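We did not get these values from a lab; they are worked out from the coordinates using the rules stated. Just so it is clear, the structure is predicted and the values come from calculations on it, not from any experiment. Here the Cβ positions follow ideal geometry from the backbone for every residue, glycine too, while neighbour counts run over all protein chains shown.
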Amino acid sequence: MREVKVHIHPTGPLVALVGNPNCGKTTLFNLLTGSHQKVANYAGVTVERKEGKVHLANGKFIRLLDLPGTYSLYPRSQDERVTCNVLAGQAIGEKRPDLVACVVDATNLRRNLRLVLAVKRLGIPAVVVLNMSDVAARRGLTIDPAALSAELGLPVVTSVGVKTGGAEALLAWLSQDTWREQTYSFEPAVESDNESQQTGADHQVVQGILKRLNLDQLVPDVLSDRLDRVLLHPVVGPMILTVVLFLIFQALFSWATAPMEIIKGITEWSANQALAALPDAWWRSLLIDGVIAGLGGIVVFLPQILILFFFILILEETGYLPRAAFLLDRIMGSVGLSGRSFIPLLSSFACAIPGIMAARTIPNARDRMVTILIAPLMTCSARLPVYTLLISAFIPNIRVWGGLALQGLVMFALYLAGIVGAMVVAWLLKIMTSSGRLVRPLMMELPTYHLPTVRNIAIGLWQRVKIFMRRVGGIILVLTIALWFLASFPAPPEGATRQAIEYSMAGWLGHWLAMVFEPIGFNWQISLALVPGMAAREVVVSALGTVYALSSAGEHTAEMITPIIAQQWSTATALSLLTWFVFAPQCLSTLATIKRETGGWRMPLITAGYLFALAYGASFVVYRCAVWVGLG
Amino acid sequence: MNFYRGQIAFKRGIQFFDVTSTRHTHPNMNLAEAPLNTTWRVLRISPTEDSPERAHHLEEIGFLPGELVCVLAHGFPGQDPLVVRVGLSTFALRRDEALSVLLETKDADA
């Protein structure tokens, strides 16, 4: 029996934003719909279709689709396929758009207009949006929209996506009720089945248009070229990149100290207030040992996460990221990957989930799989709290080698360990598979540099705060409370000699798990804390807080986890745990994303298996070596 | 110069000497060998057997006959990858990719 799917589409006309990568579609989308989709200055930020509602002046509304950028309607990668499918009316759950808004970068018409011609051939009503018209004007390019409209046979409006009110002209045009009935002179100059001939013919047409509009001179961005001469220099470029990355990790520690102290102070104060004000009941322990000790222990790391994102946002906004990918291409190539994998991998430093999704921009299927496979090895921001906790407990706060903070250096080393681990895995895959030795295409656009806007950075950081606090108030809170219950019940029998937690379910589970983890130096408290860490890595910190708060006889103080572990754990255990965190497959949502992106259980199972083996092996070696040199 | 080109062709084991383009002063120039910061015109893309898709892809991002191109930077080591200006866009290309972009002198009529 055949199943017939019936899709019921929401009402309202559907308008799709189509254009070359990085021409400002998402910026325009955000401006029109008031949403905050991620934008950055490189090609391939948007990898899936996003929908928003635009309210028009006449009281009506349209549905607006933001689509991944594409150079042509012959898709090469998964994200480009999304766009082509929508335009062909083949996208699942979406009708063919009623109107295509062809967004073109006004500073680069020669490349952008070819896509407009291709869209026009599809026969869907279209409007051309000359975006970045302000930048074009500043470079001395005067584009006459009326003349361009006459040449293309399509209506043309101008816009400035980055300015409030920059899309007024487009809004006004969309508000006219007539656009749906409008017919366009549709006479394809040349139509060919041959991809190459078609592109060439379109190019001729565009050349002709530009010549007639007196726009065929090349006006490059001089400042970008000057910057590139330094930043892409074969020797100076990599040095600058190293210094930039190094400074970020130094700043992670040195800038965060003051705000972290403040948050710590607030947590301790509220714990003490609660202790004094509330009656001695079981739920007081839940509130203080569970919620305040647990959540306070995680919120304290918010400043560091924000500092990390501040730098990532600046790198993204300026357009430096693809340059970094260019500089690292040779290194990536030596392990069988291309610079194309760099941006997905870099996104994974924030969180592996957007990183794995960004891998859609990689045209080569094998490279995409390898990138997905190693993305979890990039140190995501959820690992930061764990690293910081252990580093501040076990690594002395001293300066070495002329003023470098030792703690910052160790942090840098941990990030590096993840990267090196990922490279080794990629290299092994390269030598083990025949397709790994083929040369990978690069063909990556290097955008014009832009000054980062304060507004975009502020929005980006604020979104991070929201995501983080939602995690803290949601999954982390739930897990923390659940762990408190597990660790408090059943209550110890009469005349118990050991601490109460050891008789609880959590104590039993911890001791059982400790049999597995004992060879790599983890005690039962750590083994137990790793379990809720599967749902969110940061929870390991709060879980340790809860477990130790309940273990310590009667002293209800949040934020004393650092001295406790410094006293109770050997340095070998701490090093082993740090190593575990570099490699371990601890995040269930990452595995779920891999399953979704690869469409099967094979890849997530492979990922979880190899990461577990790698983490266990590496921790074992580190622990045994540390014990052997006398740190046990 | 000829010696150098021969070396490259030998190393890659492919034939890229091309009889149709001998009318210009640099008959067999390609993007991978163009000196830094010199402007050339794209003659055509020579499709390679191992990846026919690549030629289309290069055309789509703007490497079309008559377009002005200029190599802005080389990677290190081995002058790979390259930063190339084509028209008004800047792309990072692998040396291998640049080899299939055949060039003619700037003043040749497009």
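Structural remarks
- Projected label distance in nm at A:Leu509 and A:Thr433, using a 7 Å step from Cα toward the beta-carbon: 3.6 nm
- Projecting the Cα positions of A:Leu141, A:Gly333, A:Ile419 onto the charge dipole of the protein assembly as shown (unit charges on Cβ atoms of Lys, Arg, Asp and Glu, taken about the Cα centre) puts A:Gly333 furthest along the positive direction.
- Neighbours of A:Ser527, meaning other residues whose beta-carbon lies under 15 angstrom from its beta-carbon, give a summed charge of -2 when Lys and Arg score +1 and Asp and Glu score -1.
- Distance between the C-alpha centres of the stretch B:56-110 and the stretch A:40-116: 27 Å, rounded to the whole angstrom.
- Cα-centred dipole magnitude for the stretch A:356-503, charges only on beta-carbon of K, R (+1) and D, E (-1), debye, nearest 20: 520 debye
- The mean sequence separation of alpha-carbon pairs under 8 Å and at least six residues apart, normalised by the residue count of chain A, gives a relative contact order of 12 percent.
- The modelled label-to-label distance for the pair A:Ile475/A:Ile92, using points 7 Å beyond Cα in the direction of Cβ, is 2.3 nm.
- Theoretical FRET efficiency, 1/(1+(r/R0)^6), r = Cβ-Cβ of A:Ser392 and A:Val621, R0 22 Å, to 0.05: 0.35
- For chain A, the longest principal axis of the C-alpha atoms and the axis of helix A:477-488 are separated by about 20°.
- For the pair A:Ala146 and A:Leu241, label points projected 7 Å from Cα toward Cβ lie 5.0 nm apart.
- Rg over Rh, two decimals, the protein assembly as shown (C-alpha only, Kirkwood Rh): 1.02
- Among A:Ile398, A:Ile564, the order by Cβ neighbours within 10 angstrom, fewest to most, reads A:Ile398, A:Ile564.
- Sites A:Arg229 and A:Ala251 - FRET efficiency at Förster radius 25 Å, r taken between beta-carbons, to 0.05: 0.35
- Calculated FRET value between A:Asn58 and A:Trp462, using beta carbons and R₀ = 22 Å, to 0.05: 0.10
- Loop-located GluC sites (Glu not before Pro) in the stretch A:47-135 (DSSP state not H, G, I, E or B) with no more than 14 neighbouring Cβ atoms inside 10 Å: A:Glu48.
- DSSP-defined antiparallel bridges as percent of all bridges, chain A, nearest 5: 30 percent
- Residue exposure sequence - A:Asp225, A:Asp105 - by fewest surrounding Cβ within 10 Å: A:Asp225, A:Asp105
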